[in-house]
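This report refers to the structure that appears directly beneath it.
The values are calculated or read from the model by the stated rules, or taken from the named source; none is laboratory data. Just so it is clear, the model here is predicted, and its values are computed rather than measured. Quick reminder, even Gly has a Cβ in these numbers, built from the backbone with ideal geometry, and neighbours come from all protein chains shown. Remember, those area values only see protein heavy atoms, side chains included, never the ligands or the DNA or RNA. Shrake-Rupley method; radii C 1.70, N 1.55, O 1.52, S 1.80 Å.
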Amino acid sequence: MKTLFASIRKSYQTCCYFYKLATKEKRVYPIIIIFNILISSFAPFINILVPKYVIDELMGEQNKRIILVYVLTIVVCNFLAAIIIRILQEIREMQEDMLSRNLELLMAEKAMKMKFEYTETEIALSARQKAETGMSWYSGGIKGMSHCVVKIGTSFCVIFGVIYIVVKVSPLLLLLSVLAVSVNSFCTSKINQASQEVFEKTPAINKFYSYIYTRITSREYAKELRLYNGSDLIEKKSIENADELNKMDNECARKQFTWGIPGSIISALSYGVSYCYLGIMALKGTISVSEFVMCITAIETFTNDCLLAIITNTQQLIMKSNFMNAFIEYMNLEDESYIGTKKLDIADFDGISFEHVSFRYPGSDQYILKDINIKIKRGERISIVGLNGAGKSTLVKLICRLYEVTEGAIKICGKNINEYSYEEYIKALSVVFQDFKLFGYSLDENIRLGKSDSKGESLDTIYEISGIADWVNELRKKGETLVCKDFDENGIELSGGQAQKVAIARAVYRDAPVVILDEPTAALDPVAEYEIYNKFNDLIRNKTAIYISHRLSSCKFCDKIIVISDKTIKEIGTHEELLKMQGIYAEMFRAQAQWYVEGWCQSAC
């Protein structure tokens, strides 16, 4: 019982949450639901009460005019009620469709506002999958919730009038109906429990299902599937996934069938006993024929349209609320909290300093970086190198405030970077990550992303600097050409190198005082990469530049090279200085150089 009340309370809180959101978007929505309940509550009594007078007249004076009036009353009232209810439902569904789209938009906004760490954790990814599933076919979203609410509200309004009618004939019939409904409701709760168990298991399976049927069938996998005959593997994985889903669905169906049988049997017995009992009373003359018909209709309404509807829809509402609560849990994930308020004056920018910075990812006890101390001066060109997993990209994420340092501080102008307004702070950064993304918009929109003003270099100049001017000018729509074919079949599919150059062009156009390139040229050959970095070197002039590259030959033009190993800084110096040290950098450089010019590295060293 305690668990039941807890479930009801949780369901109530979930309903309040969604109806607050709905009322905020559509103030008239709750009013439509109330009118829907009131009109739906009136309709059953037309068919319970008026037929009694028709039968009484047929069994009595048989006045055709009066009979016609009663019949017309039934027809007209049913017609008008049906029309009004239908209109209200249409209006309600239109608003529910709009509200559902707004909820999807809220989820999308949440994905962009939540703490960055959640975008990389399995917990958050599962929470989103569960929220999307819970708001779709499992619950029907706000439309499914309102369907239950209207049914429950209507049933409560009708039940009091029906009880009055039945009690006047025989209170025992109510007790019989209550007993039958109780058994039926218990069986329904077991059926709903089976559905809930399936829901809890589906996020992981659905994620795999989505990967197979949406990701792998997209164009980015088309070549590998054909060249390596990958369809056999995919078909095998698909069948395994389908078998797992079918096994789970079959188990759920078995439980639902098992618990559905006793409920159906009890309901049938209840109707049979009620009919027999009222029939005997009619034969004895205890009640009239019209009262028999009215009472049978009232009992059926009480059992199916009231008591059973209240219990069943309450159970359904609790179940749907449990599904929809996944949306609330997802929305309650912590947002980024940018507490800084100070304005960063670019004119006073004197560089970036790391003071005893250590970092480990949230939930982990393993340090990625340990006691990092370095001062990057204004206008300096810095290259950060190290083996894979050394923490180079993590260092960039800390500068970008995607994560907060675990220990120590990163400072600009003597102040912790967290003290600055985030919106002001990120204007000082132009970043191209290793896993950069382009959007399905035009080339120009991808480059102007997030920058509304027209200050700085023209787009033509940016195209030239980033090395994409020739092929952009050959396009029919030039910079207005859409990237990818997601929205336009005439969009262009960029090669890896072209995409990287567009991402670099975006960073150049931002014209920020600090430029960070986190291995953005991985798809380019060494010569093309070196040209890109040299062009960047010419462009940035007095800007501060931080380069992360897996090709050490690209670091030669930097003022300082920082070598990270064993979670901390091991070496600092110019290219020539580090080669002379015969340390980690020299060893890495020799290992790479032998692939390009045999014997050159040994003589150079």
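For the stretch 269-328, the share of accessible area belonging to carbon and sulfur comes to 67 percent (1.4 Å probe, ligands and nucleic acids excluded).
Stick to the Cα atoms of the stretch 388-434, pair each with every other, and give me the Kirkwood hydrodynamic radius in Å at one decimal.
Numbers: mean 1/r = 0.0859 Å⁻¹.
Kirkwood radius, the stretch 388-434: 11.6 Å.
Normalising by residue count, the stretch 53-129 has a Cα convex hull of 112 Å³ per residue. The residue list Ile39, Leu21, Leu99 was ranked by how far each Cα lies along the charge dipole of the stretch 1-117 toward its positive end, using unit charges on Cβ atoms, and Leu21 comes out on top. Accessible-area rank, largest first, for Val405, Val273, Val166: Val273, Val405, Val166, with all protein chains present and a 1.4 angstrom probe.
Count Lys and Arg as plus one, Asp and Glu as minus one, and take only other residues whose Cβ is under 15 Å from that of Asn473; the net charge is then -2. Rounded to the nearest 20 debye, the dipole magnitude of the stretch 21-61 is 520 debye, with +1 charges on Lys and Arg beta carbons, -1 on Asp and Glu beta carbons, and the Cα centre as origin.
Excluding same-chain neighbours fewer than eight residues apart, the lysines reachable from Lys26 by a Cα-Cα span under 16 Å are Lys143.
Count charges around Lys342 for me, please; just the other residues with Cβ under 10 Å from its Cβ, Lys/Arg as +1, Asp/Glu as -1. Charge balance in the 10 Å sphere: -1.
In this label model, Phe156 and Gln592 are separated by 7.1 nm, measuring between points 7 Å along each Cα→Cβ vector. Give the relative contact order (percent, whole number) for the chain; include only Cα pairs under 8 Å separated by 6+ residues. Value for the chain: 14 percent.
Go through Thr154, Thr286 and list them by solvent-accessible area, largest first, probe radius 1.4 Å.
On the way: Thr154 20, Thr286 90 Å².
Final ranking, largest accessible area leading: Thr286, Thr154.
Give me log10 I(q)/I(0) at q = 0.06, 0.08, 0.12 Å⁻¹ for the chain, Debye formula, one equal scatterer per alpha-carbon, no solvent. Log10 of I(q)/I(0), two decimals: -0.54, -0.79, -1.29. Between Thr286 and Lys20, take the C-beta separation as r, use R0 = 41 Å, and let me know the FRET efficiency to the nearest 0.05. Computed FRET efficiency for Thr286 and Lys20 comes out at 0.20.
With a 1.4 Å probe and all protein chains kept in place, how much accessible area does Ser136 have, in Å² rounded to the nearest 10? So the heavy atoms of Ser136 present about 40 Å² to solvent. Using a probe of 1.4 Å, the accessible surface attributed to Phe302 totals some 10 Å² when neighbouring protein chains are kept in position.
Shape call for the stretch 1-47 from the C-alpha gyration tensor, a ≥ b ≥ c root eigenvalues: rounded (a/c under 1.5), prolate (a/b greater than b/c) or oblate? Note, shape of the stretch 1-47 comes out oblate.
Comparing Cα centroids, the stretch 479-503 and the stretch 344-414 end up 33 angstrom apart.
For Lys342, the lysines whose Cα falls under 26 Å of its own Cα, not counting residues fewer than eight places away in the same chain, are Lys110, Lys113, Lys115, Lys375, Lys377, Lys397, Lys411, Lys415, Lys427, Lys451, Lys455, Lys543.
In debye, nearest 20: dipole of the stretch 294-430 around its Cα centre with unit charges on the Cβ of K, R (+) and D, E (-)?
Working: 15 positive and 18 negative charges, 160 e Å.
That gives a dipole near 760 debye.
If one puts a single equal scatterer on every Cα of the stretch 305-424 and applies the Debye formula without solvent, what log₁₀ I(q)/I(0) results at q = 0.09, 0.13, 0.20, 0.22 Å⁻¹? Values, matching the q order: -0.43, -0.65, -1.17, -1.29. Toward the positive end of the charge dipole of the chain, with +1 on the Cβ of Lys and Arg and -1 on the Cβ of Asp and Glu, the farthest Cα among Leu579, Asn192, Gly153 is that of Gly153.
Rounded to the nearest 20 Debye, what is the dipole magnitude of the chain about its Cα centre when Lys and Arg each give +1 and Asp and Glu each give -1 at the C-beta?
Working: 70 positive and 72 negative charges, 316 e Å.
With Lys and Arg at +1 and Asp and Glu at -1, about 1520 debye.
Heavy-atom accessible surface of the chain, averaged per residue, reaches 54 Å², computed with a 1.4 Å probe. For the stretch 233-302, the mean projected area of the C-alpha convex hull, equal to one quarter of the hull surface, is 6.7 nm².
Efficiency by 1/(1 + (r/R0)^6): what FRET value for Lys485 and Asp232, r their Cβ-Cβ distance, R0 = 25 Å, to the nearest 0.05? The partial results should precede the final answer.
On the way: r = 28 Å, r/R0 = 1.11.
Calculated value: 0.35.
Apolar share of the accessible surface for the stretch 56-122: 65 percent from carbon plus sulfur atoms, 1.4 Å probe.
Length gain on complete extension for the stretch Ser136 to Ala82, per 0.36 nm per residue less the alpha carbon to alpha carbon distance? Walk me through the intermediate numbers first.
Numbers: separation 54, 0.36 × 54 = 19.44 nm, distance 2.83 nm.
Going from the current span to full extension adds 16.6 nm.
Fully extending the segment from Glu445 to Val75 would add 127.0 nm, taking 0.36 nm per residue of separation and subtracting the current Cα-Cα distance. Among the protein heavy atoms, those of Lys485 account for about 90 Å² of accessible surface (1.4 Å probe, every chain in place).
When all alpha carbon pairs of the stretch 356-413 are counted in 10 Å bins from zero, the resulting P(r) reads 21, 57, 20, 2 %.
With the convex hull constructed from alpha-carbon coordinates only, the stretch 353-451 shows a mean projected area of 8.1 nm² over all directions. For the stretch 112-169, the Cα-based Rg and Dmax, in that order, read 21.1, 67 Å.
Given a 1.4 Å probe and heavy atoms of the protein chains only, how would you sort Arg360, Arg506, largest accessible area at the top?
Arg360, Arg506
Within a straight-line Cα-Cα reach of under 17 Å, Lys580 can be paired with the following aspartates and glutamates, leaving aside sequence neighbours fewer than 8 residues apart in one chain: Asp559, Glu571. A cut-off of 5 Å between modelled amide H atoms, ignoring neighbours fewer than 5 places along the same chain, links Thr406 with Ser358, Phe359, Arg360. Using the Cβ-Cβ distance between Lys143 and Asp348 with R0 = 41 Å, the FRET efficiency computed as 1/(1 + (r/R0)^6) comes to roughly 0.15.
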